[in-house]
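Working notes, structure below.
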Amino acid sequence: METKDILQNLVSGIAIGSTYGLIGLGVVFLWQSIERINFANISSAMLSAYLFYTFYSEIGMGFFISFVLSVGIVALYGLGLRYLIHEPITKRGGGRLEFVVATLMICVLWLNVIIVFYGGLPKPFPPVFGKATDFVRFAGVSLPVVYFYIFLVVAILMAFLHFLLRKTLVGKSLRATAQNKEVAQLMGVNVNLTTSLAFMLSTTVVGIAGILLAPIYFVSLELGGGSIGIKGFSAAVMAGLIDPYGAVVGGILLGIIENFSTLFISSTYRDVISFLILVAVLIFKPKGIFVWSLHRD
Amino acid sequence: MSLLKIRNLAVSYNGIPALKKVSFEINKGEVVSVLGPNGAGKTTLLRAISGLVKCEKESEILYKGKNIVGLQAYKIARMGIAHVPEGRQVFPDLSVQENLEVASVLTSLNRRSGKIQKVYELFQELNSRKNQPAGTLSGGEQQMLAIGRALVSDSELIMVDEPSMGLAPVIISRIFKTLRQIVQEQNLTLLLVEQNAKLSLPLSDRIYVLSQGRIVLSGTVDEVKDSDLIRQMYFARE
Ligand SMILES: Nc1ncnc2c1ncn2[C@@H]1O[C@H](COP(=O)(O)OP(=O)(O)OP(=O)(O)O)[C@@H](O)[C@H]1O
Ligand SMILES: [Mg+2]
C-alpha cells in the first residue's frame, strides 16, 4: 500500500460518491415535499444518459444543447411522475405503499422500454468528458480526467442549489413547505408550485448524475438498476431523508468507503458495502448521521 | 357588511362531529374572542375558515361576501386571512428572518422589508436573533415570531389560536399588550381564540362561547361579562 494508492482511491471515491450524492438528493427532494419514496428514482439517470447518447451520438447535436435537452426532458418527466402517478394515486386514496408499488413498476417499465428501443447491450458514451485514456498526473498519481468534470459539474450544481434554496424566496418557500406543509399554505405559499418544483428538482439532479456516471458505467441498463439506486438511497438515508447537504456528503462518504473496501478487502463486496451501510443507518441512526440536522424532531 | 360571516358551519372527524351548525360573524375592525374549554372545537373553527379541514355540505363561510368553502388553503390565505396556528408552528430550520420572508409572499415587493422591520420594532427580541434558526427560539419568542408572520402578510383578518398556551405570565401579558397595540394602530380585524377569559375579555368587542361544537353564548363584552358561564371561566383558571 502506497500513499499514491490511497490518494487515488480517495479522489475517485469522492468523485463517484458525489454522483451517489446527487442520486440521494433526488430521494431527499421528493421525501421533503410529499413524504414518498420514488423507487424509480434511479430511472432518471438512465433516461438522461440514453437521451444524451441519442442527441449527441446519434443525431449529432452539440454537447451543450444535448445536455440541456436531456436534462430538460428528464425535468419534465418529473412533472409527469407527479400528474400521471402521484396525483391519481392520492386522489383514489392511495398512500405510501401504492406509490412504492407503482414506482417500482415504472422502474421496470423503463428498463424494458430501453431494451426495446436500444437493445440490452451497453452503448459507448461519447468522450465528452475526455477519453478513457486521458489522465491528469500530479504527485505521482494519475487520475482520469472525467473525475474532474464530475467535480466541476457537481460543484456548479451544488452552488446553484444552495443559491436557490437559501437566497431566493421560491427556495425558502420550498424549505418551509418541506418543514410544515400546512403552515406554509397558511402563509400563502402555493404548494402546487412547490410540489411540482420538488418533483422536477428530484428527477433533474438524478438525470445530471446519470450523464456524469455514463463515462464510467457506459450508457447501459446498469444506470437504471438496483445497485446504483441503492447507493443513492444509502446517501439519502444517511441524511435522514431530509437534509440536501447531508445527502451529498453521505454520498461522498459512501464513495470513499466503497473504494477503500475494494482496496483492503475485495471488489466482490463493493456493492454489498452500500447495502450494509443502508441497513446499519436505518437500524442505528434512522434520523441520519449528521449532527447539524439533529435538532429537528 | 360583515368581513366574515359563517352560517351552519359543520365539521366532523371520521363521522364524529366537532362543530355543529355554528353561525357567527365579524365586522371589519372588530376584535372578537372565541372562548371555550378543551375540545370545544375552537381550533377546528379556525382550521375550517383557513381551509385546512373539510366542512360539511351546508356550511357557508363568506369572506367579504364570497363563499370560501372548498378553496385551497393557500388561496384563502391570499385573500387576506392570516392564521397564527395553535402551538406557534414556526418553520424550525428557517431563520427568524426567513420565516418572516416566507410569510411576506403576499405583500408587494417594495413593502416587504418595511413590514418586516416593523415586526422587529414591535418585538425587539426577534431583532437580535434574525439569523437564528426559529426552532432554537424560546416558546415566547416563537409566539412573537408566529404573530409577526401574520403581521407581515398584509392580511385584513388575523386569527390567533391560543397565544397564551404554555407561556409564562410575564410573556403572556407582553404578547397581549402587543396584540392590543397592533389592533389599535393598524386597523386590523382580530379573531382571538383563548381558553382564558381574563386575558381575552379586556381586548375584545364581542365574544362567543363555544362548547362541544356549539355556540352557547354570545354578545358584547358588557352583555356577557356577568353571566354565570363567563364567571365560571374566569375563576376556573385561577
Ligand atoms: N385531526 C383530528 N382527528 C380527529 N378528531 C379531532 C381532530 N382534531 C380535533 N379533533 C376532535 O375535535 C374536537 C374539537 O377539537 P379542537 O382541537 O377543535 O378543540 P379546541 O377547542 O381547540 O381544544 P383545545 O382548547 O384543547 O385546543 C375534539 O373532540 C377533538 O378530539
Ligand atoms: Mg385548540
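The values are calculated or read from the model by the stated rules, or taken from the named source; none is laboratory data. Here the structure is a predicted model, which means the values were calculated and not measured. Glycine gets a Cβ as well: all are built from the backbone with ideal geometry, and neighbour counts include every protein chain shown. Accessible surface is based on the protein model in full, side chains and every heavy atom, while ligands, DNA and RNA are left aside. Shrake-Rupley method; radii C 1.70, N 1.55, O 1.52, S 1.80 Å.
Below are the figures for this structure:
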{"item": "Scan of the stretch A:246-279 for residues that are of a type in the set (A, V, I, L, M, F, W, C), at pLDDT below 90 and over 20 Å from A:THR3 (Cα atoms), ordered by number", "result": "A:VAL272, A:ILE273, A:PHE275, A:LEU276, A:ILE277, A:LEU278, A:VAL279"}
{"item": "Criterion violated by B:ARG231 - all others in (1) within 22 Å of B:VAL90 (Cα to Cα); (2) out of contact with any Pro (no Cβ under 9 Å at 6 or more places or on another chain) satisfied", "result": "(1)"}
{"item": "Options A:ARG175, A:ARG166; residue that is more than 27 Å from A:PHE39 (Cβ to Cβ) and modelled with pLDDT under 95", "result": "A:ARG166"}
{"item": "Residue check, B:ARG88 within 16 Å of ligand 2 (Cβ to nearest atom) and either away from chain A (no Cβ under 14 Å) or within 18 Å of the chain's Cα centre (by Cα) (or both)", "result": "yes"}
{"item": "Contacts under 9 angstrom Cβ, first residue in the stretch B:37-53 being more than 8 Å from ligand 1 (Cβ to nearest atom), partner aromatic (Phe, Trp, Tyr), 6 or more apart", "result": "B:ILE49/B:TYR63; B:GLY51/B:TYR74"}
{"item": "Residues that are away from ligand 1 (no atom under 12 Å from the Cβ) and among the basic types (Lys, Arg), drawn from the stretch B:18-36", "result": "B:LYS21, B:LYS28"}
{"item": "Some residue of the stretch A:129-138 being within 14 Å of chain B (Cβ to nearest Cβ), over 19 Å from the mean Cα position of the chain (by Cα) and not small (Gly, Ala, Ser)", "result": "no"}
{"item": "Residue count, the stretch B:184-217 (criterion: away from ligand 1 (no atom under 16 Å from the Cβ) and surrounded by fewer than 19 Cβ atoms within 10 Å (Cβ to Cβ))", "result": "8"}
{"item": "Total residues in the stretch A:154-189, condition in contact (Cβ under 8 Å) with a residue 40 or more places away in the chain and either in contact with a His (Cβ under 6 Å, 6 or more places away or on another chain) or away from chain B (no Cβ under 14 Å) (or both)", "result": "4"}
{"item": "Test: residue in the stretch B:52-70 that is facing chain A (nearest Cβ under 8 Å) and surrounded by 17 or more Cβ atoms within 10 Å (Cβ to Cβ)", "result": "yes"}
{"item": "Some residue of the stretch A:230-240 being within 14 Å of another protein chain (Cβ to nearest Cβ) and surrounded by fewer than 24 Cβ atoms within 10 Å (Cβ to Cβ)", "result": "yes"}
{"item": "Hey, A:TYR83 of a type in the set (Ser, Thr, Tyr), under 18 Å from A:ALA198 (Cβ atoms) and open to solvent by 60 Å² or more (accessible area, probe 1.4 Å) or not", "result": "yes"}
{"item": "Complete set of residues in the stretch B:25-51 that are within 14 Å of another protein chain (Cβ to nearest Cβ) and assigned to a loop (DSSP other than H, G, I, E, B)", "result": "B:GLY51"}
{"item": "Condition check for B:LEU126: more than 16 Å from ligand 1 (Cβ to nearest atom), within 14 Å of another protein chain (Cβ to nearest Cβ) and either farther than 27 Å from B:ARG78 by Cβ or aliphatic (A, V, I, L, M) (or both)", "result": "no"}
{"item": "Tally of residues being open to solvent by 30 Å² or more (accessible area, probe 1.4 Å) and away from chain A (no Cβ under 13 Å) across the stretch B:142-182", "result": "12"}
{"item": "Hey, B:LEU137 more than 16 Å from ligand 1 (Cβ to nearest atom), within 14 Å of chain A (Cβ to nearest Cβ) and surrounded by fewer than 18 Cβ atoms within 10 Å (Cβ to Cβ) or not", "result": "no"}
{"item": "Looking only at the stretch A:190-214, and only at residues there that are farther than 12 Å from A:SER33 by Cβ and of a type in the set (Val, Ile, Thr), the one that is nearest to the other protein chains (Cβ to nearest Cβ)", "result": "A:VAL205"}
{"item": "Criterion: farther than 26 Å from B:ILE175 by Cα and in a loop (DSSP other than H, G, I, E, B) - qualifying residue of B:VAL22, B:VAL90, B:VAL69", "result": "B:VAL69"}
{"item": "Number of the exception - B:GLU101 against (1) facing chain A (nearest Cβ under 7 Å); (2) open to solvent by less than 60 Å² (accessible area, probe 1.4 Å); (3) within 30 Å of B:VAL11 (Cβ to Cβ)", "result": "(3)"}
{"item": "Per-region count, the stretch B:149-189, residues hydroxyl-bearing (Ser, Thr, Tyr), outside any helix (DSSP H, G or I) and more than 16 Å from ligand 2 (Cβ to nearest atom)", "result": "3"}
{"item": "Complete set of residues in the stretch B:72-87 that are closer than 30 Å to B:ASN131 by Cβ, free of Cβ contacts under 8 Å to residues at least 40 places away in the same chain and not in a helix (DSSP H, G or I)", "result": "none"}
{"item": "Any hit, the stretch B:5-17, residues being surrounded by 18 or more Cβ atoms within 10 Å (Cβ to Cβ), within 30 Å of B:LYS177 (Cα to Cα), more than 14 Å from every other protein chain (Cβ to nearest Cβ) and within 9 Å of ligand 1 (Cβ to nearest atom)", "result": "no"}
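Let's see how each residue does on (1) more than 24 Å from A:GLY80 (Cα to Cα); (2) open to solvent by 50 Å² or more (accessible area, probe 1.4 Å); (3) in a loop (DSSP other than H, G, I, E, B):
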{"residue": "A:GLY120", "(1), (2), (3)": "yes, no, yes"}
{"residue": "A:ALA132", "(1), (2), (3)": "yes, yes, yes"}
{"residue": "A:VAL153", "(1), (2), (3)": "yes, no, no"}
{"residue": "A:LYS172", "(1), (2), (3)": "yes, no, no"}
